[in-house]
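**Student:** Below: one structure in structure tokens.
The values are calculated or read from the model by the stated rules, or taken from the named source; none is laboratory data. What you are looking at is a predicted structure, and each value in this text was computed from that prediction instead of being measured. All Cβ positions, even for glycine, are placed from backbone atoms using ideal geometry, and neighbour counts span all protein chains on display. Keep in mind that these areas ignore ligands, DNA and RNA; they rest on the heavy atoms of the full protein, side chains included. Shrake-Rupley method; radii C 1.70, N 1.55, O 1.52, S 1.80 Å.
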Amino acid sequence: MSHNSFGHLFRFTTWGESHGPAIGCVIDGCPPRIDISEADIQTYLDQRKPGTSRFVTQRKEPDAVKILSGVFEGQTTGAPISLLIENTDQRSRDYSEIKDRYRPGHADMTYDAKYGIRDYRGGGRSSARETANRVAAGAIARKILTGVTIRGAVISLGTQNINPDNWDWEQTRQNPFWCPDKVAAKTWEDYLDGIRKSGNSVGAIIEIRASGVPAGWGAPVYGKLDSDIAMGMMSINAAKGVEIGTGFAAGRITGIENADEMRMENGAPKFLSNNSGGILGGISNGDEIIVRVAIKPTSSILTQTQSIDAKGNEIDVRTKGRHDPCVGIRAVPVAEAMLACILADHKLRHRGQMGSSN
């Protein structure tokens, strides 16, 4: 299986399966003498781990990370950093019934078509369990991004939307939905409870913002910052769409409406709007980077659906096990981590080409 690595100068490679003994990643290209500890990484893994509320999968994984290499006396050495996260709560028996059955919306059929073999225990390598590795890598990437703040929120849950006027970043840590709107978060509880109890699931739209990114990161043709962001976000399990700044709405407005007009403020350029999402011509412009990702409904549902098996027989499938009624909730720390890894990579690439400390 190829393509298990992401990034150029800051590069991570993930390994492991959902129901194997462990998962992990190897991070290459991290500069030396950066303070890092297992506790620094664990802080972010705890935000993604399962079993934290009734609105996510009840699989109980501590996601305790172990640093195996690349760190000495609390600092990175410049050597590859190897991280290990043990799997402790696998219930492979939950998947025995779908050993030869293809679950609609999953990669079961495509894995068989490509490899002729698949790990049916929770999806194996295609499971969102793999994203814990990305969160761990993102924790280290954030250490490189001094002065940069990355935050995410769920702005839409199924048919339910936030009121942007109520946006409060502090609220994202006060409810189980990463919702920045206190009022919306209360209504989402009953809404998602109903979805969960009916054996169904819903999708979500998440928004990730990065502030403090200086102008100049990225390249104008094949190394565009926004194209790398789009690729990274689309690599997240269940991601089906990405937009930056105004995104698809830009196709429905005029050039005057879309123009991010400029003035000078304190001797530096200031944009009067941010339709570009902080990126122009593939290069950061110093404004806040704004990314939104559409996450599809969880494909593993208790409601019976039509499918086929490996022999071509038409069957009905009902997926047992412990699954998120909305996988978009736990996608927030994953998307934050991916943006951190991409920005850390581009910072190092910019420094390598331009010799800049930014």
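Every residue, every condition in (1) open to solvent by 50 Å² or more (accessible area, probe 1.4 Å); (2) part of a loop (DSSP other than H, G, I, E, B); (3) modelled with pLDDT of 95 or more, yes or no:
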position: VAL154; (1), (2), (3): no, no, yes
position: GLU170; (1), (2), (3): yes, no, yes
position: ALA184; (1), (2), (3): no, no, yes
position: LEU192; (1), (2), (3): no, no, no
position: GLY199; (1), (2), (3): no, yes, no
position: ALA210; (1), (2), (3): no, no, yes
position: ALA230; (1), (2), (3): no, no, yes
position: MET233; (1), (2), (3): no, no, yes
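**Student:** So which of VAL65, VAL71 is more than 23 Å from GLY203 (Cα to Cα), at pLDDT 95 or above and open to solvent by 30 Å² or more (accessible area, probe 1.4 Å)? Break it down into steps so the answer makes sense when it comes.
**Tutor:** On the way: VAL65 fails: open to solvent by 30 Å² or more (accessible area, probe 1.4 Å).
Just one listed residue meets the conditions, VAL71.
**Student:** Also: When residues of the range 235-250 are filtered for being at pLDDT below 95 and either farther than 30 Å from ASP324 by Cα or open to solvent by 30 Å² or more (accessible area, probe 1.4 Å) (or both), how many remain?
**Tutor:** 1
**Student:** Same structure again: Kindly provide the set of residues from the range 74-103 that are within 20 Å of ALA136 (Cα to Cα), open to solvent by less than 60 Å² (accessible area, probe 1.4 Å) and modelled with pLDDT under 95, ordered by number.
**Tutor:** Within the range 74-103, ASN87, ASP89 qualify.
**Student:** Something else now. Can you name the residue in the range 104-143 that is among the β-branched types (Val, Ile, Thr) and open to solvent by 10 Å² or more (accessible area, probe 1.4 Å) and, of all such residues, is farthest from the chain's Cα centre (by Cα)?
**Tutor:** ILE117
**Student:** Just give me the residues in the range 301-328 being in a loop (DSSP other than H, G, I, E, B) and within 19 Å of the chain's Cα centre (by Cα), in sequence order.
**Tutor:** HIS323, ASP324, PRO325, CYS326, VAL327
**Student:** Here's something else I'd like to know. Of everything in the range 251-298, what is without any contact (Cβ under 8 Å) to a residue 60 or more places away in the chain, in contact with an Asp or Glu (Cβ under 7 Å, 6 or more places away or on another chain) and surrounded by 13 or more Cβ atoms within 10 Å (Cβ to Cβ)? Give them in sequence order.
**Tutor:** Those that are without any contact (Cβ under 8 Å) to a residue 60 or more places away in the chain, in contact with an Asp or Glu (Cβ under 7 Å, 6 or more places away or on another chain) and surrounded by 13 or more Cβ atoms within 10 Å (Cβ to Cβ): PHE271, SER273, ASN274, ASN275, SER276.
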